[in-house]
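I have placed the structure first, in the form of structure tokens, so that the comments after it can refer back to it.
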Amino acid sequence: MNTTKTNDEQRSCVRPTAGAGGCKSLRRLATGVSILLLAGGPAGGGNVLAQQMEAGRGATVLTLRQALNLAVEHNPQYRQTVNRLDLLGLEQRQGWGAFLPSVDARYSTGQALRRDVSWIGFDGRPAQNPSPEWVGSSSARMDLYVNFEVFDGGRRFRERDRIRAKVRADRLNARVELDRILAQVQRQFLTVQRQKAQVALERGLLADRQRDLELTRQRFALALDRRPDLLAREFDVEQQRATLREAEGRVETAVMNLRVVIGDPALEALDVAESLPEPFDPASLNLASLVARARGESPAVRVQEEQVQMRRASLRAETARWWPRITASSSWGRSANEDGQTALFDLQPGRSVSGNASWGFSFTLPIFDNFRRSHNTASQRIELDNALESLRHQELQMELDVRTRFAALTTDWETLVLRERALELASQRLEIMREEYRLANVDIQPLRTAINEEARARRDAIDQRYAFALTLVSLYEAVGIVGEEAGIVTVPEQS
């Protein structure tokens, strides 16, 4: 598979939605962690070599955009949600169907048998039938009924409005679910990137430990180091090998989890082609614009707005029950009654000669129904008030989520700056300690401490980049634009 990344694929990871500076910053998110990995020396080269080995074994190398597209096609939860959207058109059609007449056709046929053992004579006396026999008759009837509600106080219009609002709410709920699935795919993809970056780092650290061991062996041969110093170096190498193997195991687990969340059975082996996205200063984003966009576009908020419309339509429909109702009805039918089995299953009873027809209007005036209408109207009014409160709560919760995650993104960025500064200092200290060790100014123990601190600083820097990327995905999820920022139309807008 071609692993060349187009500009669209690079922008599909994460990019800001407000402020020109933010957009430029987020479009750099697919460039990776090359600066960080260069600090590890051979680590970056090991990562590229590992990708080439995976591709050589027949693994499918995916970009984030390709992983998202495959999830759209194969993720079971995604497909189930899309399938449920197909029912919404039929549900909306029901709102218009209430304005059409109801038409029913009825057909009945049967046979009756009678056996008389006596009869009443002309003189009024019962007489015994010397040879009673069964006498049969058959019948068939066909009817057509048409009913149409002429006036109902506008209840059907209100019910149509309620159904339309419900369909819109269901579509928005589907968008929330689809965005959640896409965010899950992005998180799993980022996890694989993080674990691969850690493997590359641990591989570079192992190479450093082996070089340090070789130096100590040379010094031990010159009687500059003792046997315990050499054993300590060998211990560090074996410890680093174990750490590397654990990191490789986490990569295997992360890849399997990504394969499951994508849901494509054809992906027997896969790999990711990109490094962790490069962070940016959240100051380039406009928090007020993000909050305003979330208030206008967040599916969760819009769902509550549609709930308000549903409750308002239900209240109006319940109020319409106080109006009189006018219903028109008409029926046409014909029947046949014959001796024997002549009319049994006759599809043309009466042979278009005999028949009946009727039509009429009914006028219903509601007078008293044991206060059911009053109770239902009050109940719907309370439901409307509660829906308005739920909308207000959702708007407050949405703003809280956006501001909280933006604050977390800012914290992650500032922490990353501090982590990289700490890594720079740890690297400088390690370089000095190694030079002092070569000059025999310090023994091996301070050098080992400096090595461990520098390795921990490099691991912390990778973890912080991963935390920043996850927080950015969470921010997009709070705004409700995960699919939009990935360039995927989850639920098309209704025309």
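Every number here is computed from the coordinates shown, using simple stated rules; none is lab data. Treat the numbers as computed from the prediction; the structure is a model and nothing was measured. Ideal geometry is used to build each Cβ from the backbone, glycine not excepted, and the neighbour counts take in all protein chains shown.
Diffusion coefficient (Stokes-Einstein, Kirkwood radius over C-alpha pairs, 25 °C, 0.890 mPa s) for the range 327-483: 97 µm²/s, rounded to a whole number.
Averaging sequence separations of C-alpha pairs under 8 Å and six or more residues apart, then dividing by the length of the chain, give the relative contact order as a whole percent.
25
Solvent-free Debye calculation, one equal scatterer per alpha-carbon of the chain: log10 I(q)/I(0) at 0.10, 0.11 Å⁻¹ equals -0.92, -1.02.
Against the longest alpha carbon principal axis of the chain, how many degrees, from 0 to 90 and to the nearest 10, is the axis of helix 155-221 turned? The two axes meet at around 20 degrees. Values of log10 I(q)/I(0) for the range 151-219 across q = 0.20, 0.26 Å⁻¹ run -0.88, -1.02, by the Debye formula with one identical scatterer at each alpha carbon and no solvent.
Per residue of the chain, the DSSP helices (runs of n ≥ 4 H) give a summed -39500 (n - 2.57) that works out to -22000 deg cm²/dmol at 222 nm. For the range 308-315, the Karplus equation 6.51 cos²θ - 1.76 cosθ + 1.60, evaluated at θ = phi - 60°, returns couplings of 4, 4, 4, 5, 5, 5, 5, 5 Hz by residue, with Gly and Pro reported as x.
Using only side-chain charges placed at the Cβ, +1 for Lys and Arg and -1 for Asp and Glu, the dipole size of the chain relative to its Cα centre rounds to 840 debye.
Gap in Å between the Cα centre of the range 161-196 and the Cα centre of the range 351-386? Between the Cα centre of the range 351-386 and that of the range 161-196, the gap is 42 Å.
The H on the amide N of Ala343, modeled in the peptide plane, is under 5 Å from the matching H of Ser138, Glu338, each at least 5 residues off or on a different chain. Shape descriptor for the range 199-342: Rg over Rh equals 1.51 (Cα atoms; Rh from the Kirkwood inverse mean 1/r). P(r) tail for the range 126-272: Cα pairs beyond 18 Å make up 78% of the total. The mean of 1/r over all pairs of different alpha-carbon atoms in the range 380-437, once inverted, gives a Kirkwood hydrodynamic radius of 15.5 Å. With a Förster radius of 41 Å, plug the Cβ-Cβ distance of Arg226 and Glu252 into 1/(1 + (r/R0)^6) and report the FRET value to the nearest 0.05. My answer for the efficiency is 0.55.
Taking only the alpha-carbon positions of the range 110-186 and ignoring solvent, what does the Debye formula give for the base-10 log of I(q)/I(0) at q = 0.24, 0.27 Å⁻¹? Taken in order of the listed q values, log10 I(q)/I(0) reads -1.09, -1.16.
Computed from backbone phi with θ = phi - 60° and the Karplus coefficients 6.51, -1.76 and 1.60, the 3J(HN,Hα) list for the range 373-387 is 5, 4, 5, 5, 5, 5, 5, 5, 5, 5, 4, 5, 4, 5, 5 Hz; x is used for glycine and proline.
When the chain is described by a simple charge dipole with +1 on each Lys and Arg Cβ and -1 on each Asp and Glu Cβ, the residue from Tyr107, Tyr78, Ala165 located farthest towards its positive end is Tyr107.
Within the range 401-495, the percentage of alpha carbon pairs spaced more than 23 angstrom apart rounds to 49%. Residue by residue, the range 438-453 carries 3J(HN,Hα) couplings of 5, 7, 6, 7, 10, 8, 6, 5, x, 5, 4, 4, 5, 4, 5, 5 Hz when phi is fed to the Karplus relation 6.51 cos²θ - 1.76 cosθ + 1.60 (θ = phi - 60°); x denotes Gly or Pro. Sorting 65-77, 196-208, 404-416 by average packing, meaning the other beta carbons within 10 Å per residue, from highest down gives 196-208, 65-77, 404-416. Amide H contacts of Asp225: Phe220, each under 5 Å away and 5 or more positions distant or on a separate chain (H built 1.01 Å from N in the peptide plane; Pro and chain starts excluded). When each of the peptides 337-346, 283-292 is scored by the mean number of other C-beta atoms lying within 10 Å of its residues, the order from highest to lowest reads 283-292, 337-346. Close amide H partners of Ala269, meaning residues 5 or more places away or on another chain with modelled amide H under 5 Å apart, are Thr60.
Projecting the Cα atoms of Ser289, Gln307, Ala67 onto the charge dipole of the chain (Cβ charges, centred on the Cα centre) puts Gln307 farthest toward the positive pole.
The tail of the calculated P(r) for the range 265-369 beyond 22 Å holds 75 percent of all Cα-Cα pairs.
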